[in-house]
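Visitor: Okay, here's the structure, questions in a sec.
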RNA sequence: GGGCAAUUAGCUCAGCUGGUUAGAGCGUUGCAUUCACAUUGCAAAGGUCACUGGUUCGAUCCCAGUAUUGCCCACCA
């Protein structure tokens, strides 16, 4: 007898087990013993931002990824899960700025660039430590020896090369365009980094001047100081006569020319139907201006204040001040017609929630609509970035799960504008561009890895953080010692770890489909001429109990570490994976994790029962021969559930796999076979074999559960006294050829037989036979079911009592039960009753009709060559099996019908 | 405005290309329980699969429409 604690206590084992794993070196694929077929499986961990701590989103991704990684490692594949962190330029800088202000009431400018960056680096380093510790807490089996950081030397080198290559190909250019400007972050943002918020606003309707023929409406009067046109719908009769004319107006800051132009998108029913065009401060207006060759007047500056061009009266005022002043002026001049309340969709910065100010600025852009041809690149042959990004998904080089997100992705690509990649942030990858005589007429530009000799000044901006994240799947696999390689091409080609590229799966939340997934596809196809990953699996977002998004202001943020503290990592992992479907949001709350914890404890006690009671603890690797029907049944169920969850896991149906395994473990194994085993072990002829079966099943079960709940399974495994760890055992799957035979002989037969008995007993169902004498007989026969589950047998009686056709009273069911209780070997009940032949005939006939229809449709399906050839084997086999089943059923029904006549 | 999804038990959700009796967890109710496990066992109650039509021998599933909710994108100046 071995002493095992009554309840599983995760706190006692988790850290200890993780240590064991880490020390074993098995996280590193170089240390795995591998079979000949060299299949690999790799995942790049989406690098958490170095902004602080782990949240539920991270916990979710870690649970899913570790599940896949452990499963594939057990399958014997060369498995790599590469961890790392992201510098998250804007997010990290913002965070440090707010800490700095809170603690010292200083801004980054008070400190100066170098000192401030030093602070950010320290903060990022601290965050990394915390995060890595928490990633370990989740049980992640990632290879720490390959850990990377987006600001690593090697990765920085890749970023530079990529920039240069894209610049040389003409895909990156510097241009003066309207950008999204965040006055608080003091930086540009890409279109995807802009969010929207509905706010109450005022809609002002006014005329530019007394002699201007009609009024316009706007929520932002102060920008009208920069208007150069008014756009009307070409079909709008009211304004037809003014189209093409130019008016000179004075808005109190000098003369300005307003031209009347047409634009299809103008809604004649909104406001006055006339749109004041401010080319410098609205992207739409900018596009209208370009079509009509209108000048730009920049009235708002990067600091969020009015510029010189806004006129003396307004210069240096904030936007709000300028608005008040201008509105007062309009009212005084009698130009204001009305002020109404309205709702406005305000654009805000996704990091700091400040209002975005669109304004023209000289920035670096990635051109998405320029056709390029790259030597040796199978994708870029006279194609644009947009076309290639579309192609790889449309042609299924990359598969997205769930599929519906492919459509979302296409839509994003259709609306895609050039990507602004320069940021006026200090923390990040400097842009590898140098200028001579910057801003002067004879300005020279140099794009390269290092500063050229002479009087050159580097671009002060940094790159969008997603520019470096977009390279993540391969930049992390390149040899750290890049100096070893003569050329960039050699580095890409000959780095040993590039054997893991393209990565097998990219697993992440659907919220960064555009931010990240799309960028990786764009950049990787450009640089490597290859895809970054074969499959994208998108999980949903974690919400609170009421389905709300977690947010600090609501105070409903769930800390995964709290849940781990309360229920253990394994429980949290199961809770996150079960009861969800791909891409669907999930709710997380204590009760759910508690349920999972209870299951983990159940598994613990199953093994406690087995391990503490067998005469000898040993690993039984060969399947013991079954001696009873119950043995046959449980072994067959194990095979069946193994096949089922293997298929589920391969098809990314994680929730289905965990449900199936849980049902097998709890209902079949614990509730049935373990009870039966107690009786079998009382029999001296069966005891040894039964114990072997228990040990065999437990061993396999631990492997099957390991990807889901690695800690508890590894801890139980240790009791077997094996040298090697559970995490590197072999997944129990038999060879394909054997599999088919097994299904016929070993799985189906005992499964159905025992299942039938259980069904009969449990679900109050029995096999009916109607004989010519109008009598119904119900019989239940099961060997080796003696003295087991008497409660269940009671149900049979209750069932019979419910069939009012049967003369139940006479058979005294209660006595029958006691009779059965005492009986040994066989349970046999026999009851008789009357049946309505007419109704029975009708029932059978209608059933025959439906079954024959079913058979017909199945036969048709199997005749269809397209289906037989294209559908997966399992599906075709399943259909064939169904046909067989239905034909048998048909025979039975016909027999029944005959017997009624 | 465009798109995507959801609507299944009191609650949270599964349901894998249409097939006998629609499932699970939690909750509720009753009973049991020194024998691996109260983090337990056995059972019960609880569903017109949102609604209306259509296709089919057969629809929770496919098609059309309606209603409600959520999300994404575009954006109203």
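Visitor: What full-extension length gain, to one decimal in nm, is calculated for residue A:243 and residue A:678 as 0.36 nm per residue of separation minus the Cα-Cα distance?
Guide: Result for the pair: 147.2 nm of gain on full extension.
Visitor: Take the Cα atoms of the range A:529-598, build their convex hull, and give its volume per residue in Å³.
Guide: 128 Å³
Visitor: Would you mind getting the Kirkwood hydrodynamic radius of the range A:449-558 from its Cα pairs, rounded to one decimal in Å?
Guide: Mean inverse Cα-Cα distance, inverted, gives 17.1 Å.
Visitor: For the range A:204-263, treating each Cα as an identical point scatterer without solvent, what Debye log10 I(q)/I(0) comes out at q = 0.17, 0.21 1/Å?
Guide: -0.54, -0.83
Visitor: Using only the alpha-carbon atoms of chain A, report the extent along each of the three principal axes, biggest first, to the nearest angstrom.
Guide: The Cα atoms of chain A stretch 109, 70, 55 Å along the principal axes, largest first.
Visitor: A further question on this structure: Working out 0.36 nm times the residue gap between residue A:605 and residue A:321, then minus their Cα-Cα distance, what length gain in nm do you get to one decimal?
Guide: The span from residue A:605 to residue A:321 would gain 95.2 nm if fully extended.
Visitor: Further question on the same structure: Can you give me the distance in nm between label points at residue A:345 and residue A:667, each placed 7 Å from the Cα along the Cα-to-Cβ direction?
Guide: It is 4.7 nm.
Visitor: Express in nm, to one decimal, how much length is gained between residue A:202 and residue A:615 on full extension, taking 0.36 nm for each residue of separation and deducting their alpha carbon distance.
Guide: 140.4 nm
Visitor: Let me know the shape class of the range A:234-312, please: from the alpha-carbon gyration tensor, a ≥ b ≥ c as square roots of the eigenvalues, rounded when a/c is under 1.5, otherwise prolate if a/b is greater than b/c, or oblate. Could you put the intermediate results ahead of the total?
Guide: On the way: a/c = 2.13, a/b = 1.65, b/c = 1.30.
It is prolate, given that a/c is not under 1.5 and a/b is the larger ratio.
Visitor: Two decimals, Cα atoms only, Kirkwood Rh: what is Rg/Rh over the range A:331-447?
Guide: With Rg and the Kirkwood Rh in hand, the quotient comes to 1.12.
Visitor: With contacts defined as alpha carbon pairs under 8 Å and 6 or more residues apart, what's the relative contact order of chain A in percent?
Guide: Here the relative contact order equals 12 percent.
Visitor: May I ask you to sort A:466, A:434 by Cβ crowding, counting other Cβ atoms within 10 Å and putting the fewest first?
Guide: The most exposed by this proxy come first: A:434, A:466.
Visitor: Right, something else. Along the Cα-to-Cβ line of residue A:34, 7 Å from the Cα, sits a label point; which residues in the range A:68-86 have backbone N less than 19 Å from it?
Guide: A:68-83
Visitor: Same structure again: Shape verdict for the range A:386-475, please, from the Cα gyration tensor: rounded (a/c under 1.5), prolate (a/b greater than b/c) or oblate. Numbers along the way, then the final one.
Guide: Details: a/c = 3.00, a/b = 2.57, b/c = 1.17.
Because a/c hits 1.5 or more and a/b exceeds b/c, the range A:386-475 counts as prolate.
Visitor: In bins 5 Å wide, starting from 0, what share of all Cα pairs of the range A:115-203 does each bin hold, as a percent?
Guide: P(r) over the range A:115-203, rounded to whole percents: 2, 9, 9, 12, 17, 17, 14, 10, 6, 3, 1, 0.
Visitor: Give the Rg (one decimal place) followed by the Dmax (whole number) of the range A:18-111, computed from C-alpha coordinates and expressed in Å.
Guide: 19.2, 62
Visitor: By what distance, in whole Å, do the Cα atoms of the range A:474-626 stretch along each of the three principal axes, largest value first?
Guide: The principal-axis extents, from largest down, are 64, 53, 30 Å.
Visitor: Return A:688, A:122 ranked ascending by Cβ neighbour count within 10 Å, so the fewest neighbours appear first. Before the final figure, lay out the partial values.
Guide: Details: A:688 15, A:122 11.
Fewest to most other Cβ atoms nearby, the residues stand as A:122, A:688.
Visitor: Write down Rg/Rh for the range A:614-707, rounded to two decimals, with Rg from the C-alpha atoms and Rh from the Kirkwood relation over Cα pairs.
Guide: Details: Rg = 13.7 Å, Rh = 13.7 Å.
Result: Rg/Rh = 1.00.
Visitor: Just need the Rg to Rh number for the range A:172-239, please, alpha carbons only, Kirkwood Rh. Don't skip to the answer; put the middle values down first.
Guide: Values: Rg = 16.7 Å, Rh = 15.8 Å.
Taking Rg over the Kirkwood Rh, I get 1.06.
Visitor: Sorting A:163, A:446 on the 10 Å Cβ count, fewest up front, what's the list?
Guide: Least crowded to most crowded, the residues run A:446, A:163.
Visitor: What is the distance, in nm, between label points placed 7 Å from the Cα along the Cα-to-Cβ direction at residue A:332 and at residue A:553?
Guide: Using points 7 Å along Cα→Cβ, the separation is 3.6 nm.
Visitor: Which angle between 0 and 90 degrees, to the nearest 10, do you get for helix A:790-802 versus the longest principal axis of chain A when only C-alpha atoms count?
Guide: Once rounded, one gets 90 degrees.
Visitor: Right, another one. Enter the angle in degrees (range 0 to 90, nearest 10) between the Cα long axis of helix A:404-415 and the first principal axis of the Cα atoms of chain A, meaning the one along which they spread out most.
Guide: 10 degrees
Visitor: Now, a different point. Specify whether the C-alpha gyration tensor of the range A:641-681 places it in the rounded, prolate or oblate class, a ≥ b ≥ c being the square roots of the eigenvalues: rounded for a/c under 1.5, otherwise prolate if a/b is larger than b/c and oblate if not.
Guide: Prolate shape, in that a/c is at least 1.5 and a/b is the bigger ratio.
Visitor: Mean separation of Cα pairs under 8 Å and 6+ residues apart, divided by the residue count of the range A:266-345: what relative contact order is that in percent?
Guide: Details: 68 pairs, mean separation 10.7, N = 80.
Once normalised by length, the contact order is 13 percent.
Visitor: Now, a different point. Determine the equivalent ellipsoid of the range A:487-526 by diagonalising the alpha-carbon gyration tensor, then write out the semi-axes as square roots of 5 times the eigenvalues, largest first, rounded to whole Å.
Guide: 25, 13, 6
Visitor: If each of residue A:848 and residue A:103 carries a label point 7 Å out from its Cα toward its Cβ, how far apart are those two points in nm?
Guide: 8.6 nm
Every read-out reported here was derived from the displayed coordinates using simple, explicitly stated rules and does not represent laboratory data. Only a predicted model underlies this, so the values are computations on that prediction, with no experimental measurement involved. All Cβ positions, glycine included, derive from the backbone under ideal geometry; neighbour counts span all protein chains shown.
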